[in-house]
Amino acid sequence: MHPEIEERELAEPYLGGLLASLGLGVHYSRAEKDTLFYRDGTGREVPVLDLVGGYGSTIIGHNNPDIVAYAKELLDQGVPVHAQFSKHPYANELAQKVNAIIRRELGTPEAYSAIFANSGAEAVEIAMKHAEFDRGAKLARLAEDIERNIEKARAAVAGGAEVVGGESYEHLGAKAEGTPGTAEGLRGSALNDVIAGIRSVNGERMTAAPVFLAPEGSFHGKLVGSVQLTHNVGFRTPFASLAAQCRFVPLHEPDALAKTIESERRTLLDLAVEGDTVRVVERDLPVIAAFVLEPVQGEAGIRPFDRETAQRVQQVCAAADCPIIVDEVQSGMGRTGAFFASSHIGLQGDYYTLAKSLGGGIAKAAMTLVRDSRYREEFELVHSSTFAKDAFSTLIAGRTVDLLEAEDGRVYRMAAERGDRLIRMLRKLQDEFETVVKDVRGRGLMIGLELHDQSGSTSQVIAEQSRAGLLGYVLAGYLLRVHALRILPTASATNTLRLEPSVHITDAEMARLESGLRGLLVALRDQNGAVLLPTDPAGESGA
């Protein structure tokens, strides 16, 4: 290899440089529970309290000993990873376990079929694909119904029925000749013109692209499809032409969802026989594939939805026959004090997506659950994934669910208790630094600490980094360098610091967190930008 190439950083080089500039370019070599370790320049191992937790992936901690031991056992057994297109009983066992939790937490007797994946974004894309597959089947059935009705209309007209006009008939425009409602009506060849017009109009309308709906602030991944459900324009806009489009709904406005659904309403034309008349009528065309939401919006700044909003979503979507995809990738698996965060607000989905902590912090495991009344079995023949449903990751996921459910859900109780304690501590800091801390919110161990906008700071460092949208990352670098705390902002609301530790976080570690955050808040309150950057300690000229 050429020497110059060997010396270059080729693994996401821009990101590596950005991390270095923010003081976050650290190589961690070991992890356990809520601690990551790196070695400093002398080779000494330095412990860092990790509050990022793989963006919600380590509810039972880094390298949980039970999961690690089980993973070693599976590898020692030679459990196959690649045995596609064969029987996977362990996958069915996992699906049964999760279904039992759905019945308990959401009170539904209906079963959910499972499709397996490797990541949260992939699980979301499976839900999107299945929803569109289902919408396509509805379209085909609707087209068949219209054709049957056309034949009924032919028979009725042959028997003397007359085609009458109306508002729906006007949609045909010049595509149908003749004037309905005359003494002669529209019979014989004239009816053929009406039918040809209906087929022409419907043919055009049925090609309409599907539309997805999501709340403002949503984040559902960065793959080709899922990125369109992500509200952040920086992530979504460069790829807007590649996939189905999404309409983002301000759910804080009570009528917004119903109005959005109505604005997307499209129709097909049909013929209805009513006694001795035949009338052109409209039938709703299913355009909206699904409504997608997180019970707790993660990247929007850790924003939980309330029960009233959930009930409104449920009612409006049911009335419009719009399926609901509940994204539990980050909020699920016990993080909020229940396996499903949606159970806290009584939100029941037609689809659920699970990932992150499902793999026990070790395996890449994900799954999409589809309500039986929506499930299309044929989908299993048009979707597959090489590593999904392999024995190793699926068995690890099953063992993880067992750990979460053990001792009558002890992990859920720990998440709720530890989370309540964290929130109390953070709100105490909010009271102490009310000019700096805007809000503390969350549920269980999914918590956000939102800071007031700092773009008007008298500190050049703080103001400029805030205006650039990088202040949250600068603060993360400070906390790591000065206090050995690993905290990162949420991706679409960088004024909010995310706290997602495991259930094993101790009182001593919380005290350490409180001390480090107090140091940070003092610096922001005193507008001391110099202390926040790793370079140019003499002043703020290095901003």
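The values are calculated or read from the model by the stated rules, or taken from the named source; none is laboratory data. Keep in mind the model is a prediction, meaning the values are calculated, not measured. So basically every Cβ, Gly included, is an ideal-geometry build from the backbone, and we count neighbours across all protein chains shown. When the accessible area is computed, the model is the full protein with side chains, heavy atoms only, and any ligands, DNA or RNA have been set aside. Shrake-Rupley method; radii C 1.70, N 1.55, O 1.52, S 1.80 Å.
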Quiz item: Can you tell me which of Glu12, Glu45, Glu105 is of a type in the set (Asp, Glu), touching a Phe, Trp or Tyr at 6+ places or on another chain (Cβ under 9 Å) and open to solvent by 50 Å² or more (accessible area, probe 1.4 Å)?
Solution: Glu45
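Rundown of residues vs (1) touching a Cys at 6+ places or on another chain (Cβ under 9 Å); (2) open to solvent by 10 Å² or more (accessible area, probe 1.4 Å); (3) in contact (Cβ under 8 Å) with a residue 12 or more places away in the chain; (4) not charged (D, E, K, R), yes/no style:
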position: Gly442; (1), (2), (3), (4): no, yes, yes, yes
position: Ile447; (1), (2), (3), (4): no, no, yes, yes
position: His452; (1), (2), (3), (4): no, yes, yes, yes
position: Glu464; (1), (2), (3), (4): no, yes, yes, no
position: Pro489; (1), (2), (3), (4): no, no, yes, yes
position: Ser492; (1), (2), (3), (4): no, yes, yes, yes
position: Gly516; (1), (2), (3), (4): no, no, yes, yes
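Name the single residue that is modelled with the lowest pLDDT among those in the stretch 257-311 being among the hydroxyl-bearing types (Ser, Thr, Tyr) and crowded, with 16+ Cβ neighbours inside 10 Å.
Within the stretch 257-311, the match that is modelled with the lowest pLDDT is Thr277.
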Self-check item: Pairs where the first residue, in the stretch 256-277, is touching a residue at least 40 places away in the same chain (Cβ under 8 Å) and under 14 Å from Phe212 (Cα atoms) and the second is assigned to a loop (DSSP other than H, G, I, E, B) and open to solvent by 30 Å² or more (accessible area, probe 1.4 Å), C-beta under 6 Å, 6+ apart
Solution: Ile261/Ala320
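Of the residues Ser466, Ser457, Ser502, which single one is under 30 Å from the mean Cα position of the chain (by Cα), part of a loop (DSSP other than H, G, I, E, B) and hydroxyl-bearing (Ser, Thr, Tyr)?
Ser502
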Self-check item: Members of the stretch 210-265 that are charged (D, E, K, R) and not in a helix (DSSP H, G or I)
Solution: Glu216, Lys222, Arg247, Glu253, Asp255, Glu264, Arg265
Quiz prompt | Of all residues making up the stretch 48-70, the number that are open to solvent by 10 Å² or more (accessible area, probe 1.4 Å), touching a helix residue (DSSP H, G or I) at 6+ places or on another chain (Cβ under 9 Å) and part of a helix (DSSP H, G or I) | solution = 4
Exercise. For the stretch 15-47, enumerate the residues that are farther than 30 Å from Ala338 by Cβ, in contact (Cβ under 8 Å) with a residue 24 or more places away in the chain and either of a type outside the set (A, V, I, L, M) or assigned to a strand (DSSP E or B) (or both).
Key: Gly23, Val46, Pro47
Quiz prompt | Subset of the stretch 99-122 [of a type outside the set (Val, Ile, Thr) and more than 22 Å from Gly346 (Cα to Cα)] | solution = Phe116, Ala117, Asn118, Ser119, Gly120, Ala121, Glu122
Quiz item: When both residues are 6+ apart or on different chains and their Cβ atoms are under 7 Å apart, which pairs have a first residue that lies in the stretch 213-239 and is on the phi > 0 side of the Ramachandran plot, and a second that is charged (D, E, K, R) and surrounded by 19 or more Cβ atoms within 10 Å (Cβ to Cβ)?
Solution: Gly217/Arg303
Quiz prompt | Odd one out for Val329 among (1) modelled with pLDDT of 95 or more; (2) over 30 Å from Ile60 (Cα atoms); (3) of a type in the set (Val, Ile, Thr) | solution = (2)
Quiz prompt | Positions within the stretch 281-309 being in contact with a Pro (Cβ under 8 Å, 6 or more places away or on another chain) and part of a strand (DSSP E or B), in sequence order | solution = Ile288, Ala289, Ala290, Phe291, Leu293, Val296, Gln297, Pro304
Practice problem: Kindly provide the set of residues from the stretch 126-152 that are touching a residue at least 24 places away in the same chain (Cβ under 8 Å), open to solvent by 40 Å² or more (accessible area, probe 1.4 Å) and either closer than 27 Å to Phe219 by Cβ or among the hydrophobic types (A, V, I, L, M, F, W, C) (or both), ordered by number. | Solution: Lys129, Glu132, Phe133
Quiz item: Can you name the number of the only condition in (1) open to solvent by 30 Å² or more (accessible area, probe 1.4 Å); (2) assigned to a helix (DSSP H, G or I) that Ala476 fails?
Solution: (1)
Quiz prompt | Set Asp76, Asp34: member being open to solvent by less than 30 Å² (accessible area, probe 1.4 Å), modelled with pLDDT of 95 or more and of a type in the set (Asp, Glu) | solution = Asp34
Quiz item: Quick one: in the stretch 15-31, which of the residues that are of a type outside the set (A, V, I, L, M) and closer than 16 Å to Ile487 by Cα is least open to solvent (accessible area, probe 1.4 Å)?
Solution: Gly23
Quiz item: Taking Ala416, is it over 29 Å from the mean Cα position of the chain (by Cα) and not in a loop (DSSP other than H, G, I, E, B)?
Solution: no
Exercise. Can you work out which of the residues in the stretch 388-413 that are in a helix (DSSP H, G or I), charged (D, E, K, R) and out of contact with any helix residue (DSSP H, G or I) (no Cβ under 7 Å at 6 or more places or on another chain) is surrounded by the most Cβ atoms within 10 Å (Cβ to Cβ)?
Key: Glu405
Quiz item: open to solvent by 60 Å² or more (accessible area, probe 1.4 Å), out of contact with any Pro (no Cβ under 9 Å at 6 or more places or on another chain) and at pLDDT 90 or above - does that describe any residue in the stretch 173-194?
Solution: no
Quiz item: Which pairs do you get when a residue that is polar (S, T, N, Q), found in the stretch 334-356, comes within reach of a residue that is at pLDDT below 95, reach meaning Cβ atoms under 8 angstrom, with the pair 6+ apart or on two chains?
Solution: Gln348/Thr108
Quiz prompt | Residue check, Ala416 more than 25 Å from Glu73 (Cβ to Cβ), small (Gly, Ala, Ser), modelled with pLDDT of 95 or more and in contact with a Ser or Thr (Cβ under 9 Å, 6 or more places away or on another chain) | solution = yes
Quiz prompt | Pick from the stretch 222-235, criterion in contact with a Ser or Thr (Cβ under 7 Å, 6 or more places away or on another chain) and buried (at least 18 other Cβ atoms within 10 Å of the Cβ), ranking: farthest from Thr494 (Cα to Cα) | solution = Leu229
